[in-house]
1. What list of ³J(HN,Hα) couplings, whole Hz, do you get for region 155-165 from phi and the Karplus terms 6.51, -1.76, 1.60, once you set θ to phi - 60° and write x for glycine and proline?
2. Each residue of region 47-61 in order: what ³J(HN,Hα) in whole Hz does its phi give by Karplus 6.51 cos²θ - 1.76 cosθ + 1.60, θ = phi - 60°, with x for Gly and Pro?
3. What's the extension gain from VAL142 to ARG174 if we count 0.36 nm per residue and subtract their Cα-Cα distance?
4. Can you compute the label reach from LEU131? Point 7 Å from Cα along the Cβ direction, backbone N cut-off under 17 Å, restricted to region 29-67.
5. Report the calculated FRET efficiency for SER153 and LYS35 (r = Cβ-Cβ distance, R0 = 30 Å), to the nearest 0.05.
6. Using the structure shown, list the pairs from LYS31/LYS62; LYS32/LYS183; LYS35/LYS166; LYS32/LYS158 with a Cα-Cα distance above 23 Å, or answer none.
7. Would you please give the FRET efficiency between LEU118 and ILE66, computed as 1/(1 + (r/R0)^6) with r the Cβ-Cβ distance and R0 = 25 Å, to the nearest 0.05?
8. Please arrange SER23, SER45 by counting, for each residue, the other beta carbons lying within 10 Å of its beta carbon, fewest first.
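Here, each number is a calculation from the coordinates, and none is a lab measurement. Not measured: the values here are computed from a predicted model. Heads up, the Cβs are rebuilt from the backbone with ideal geometry, glycines too, and the neighbour counts pull from every protein chain shown.
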Amino acid sequence: MVMENYLVEGEEILAQAGCFYASNKRLLRYKKHLKGEELDDIPYSHITSIGVVRNTRRGLIKAGVIIAIIGVSTLLTLIALKPALKSTSDLWSNAAGNLAIQRLPFAGLDLASLLAPLLPFSIVILALGVLLIGLGVFLPQVFIQFRTPGLTSDTEAKFRLVGVRKEASLNLVRTVRQQSMAKESELTNVRPREIEEIKP
């Protein structure tokens, strides 16, 4: 196990969920990337709370808005161009008839009919955009957040447990809570004289 290289003496892993490991001393987050390895940890005494967070999926909503705008603009452009292309086709047909060149392949071409296949396509794009917006709003991202004071938003984002099986998540959270309570009770059981001796 790779984590064994990062454990201190007397430390053992009690639970694991995704890239999070709960040991008997701290909560660790270990990720291996193409560029290297990433290790973060929080001592149990620093964890102030563990919460379930529901966030709207902003990425999906942004993508949905962009796709919906493309769909609407394409649809409006097609609707606006259709009469102009129809009149252009009529003028071309009249000119071709007057010049007696009806035998040419483009003489009777209806330019407005060329846009007909694009109309359902733009409606599908618009519907896809609306669907993505709906998914982003009504199917929020749910994750477990380990909170500790003094962390920046970027560092706090690292301590989000997301995309892990429910049983593994619950087991990890249960272990972290048990270890946190054990560390807390150890601190409360220390006598004032012992605290003074601990102070530098």
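1. 5, 5, 4, 5, 9, 10, 9, 9, x, 10, 4
2. Once rounded to whole Hz, the list reads 6, 8, 7, 10, x, 8, 10, 10, 10, 5, 7, 4, x, 5, 5.
3. Values: separation 32, 0.36 × 32 = 11.52 nm, distance 1.79 nm.
Gain on stretching VAL142 to ARG174: 9.7 nm.
4. 60-67
5. Values: r = 22 Å, r/R0 = 0.75.
About 0.85, to the nearest 0.05.
6. Violating the 23 Å Cα-Cα cut-off are LYS31/LYS62; LYS32/LYS183; LYS35/LYS166.
7. Numbers: r = 19 Å, r/R0 = 0.75.
It comes out at approximately 0.85.
8. Numbers: SER23 22, SER45 14.
Arranged by neighbour count, lowest to highest, SER23, SER45 become SER45, SER23.
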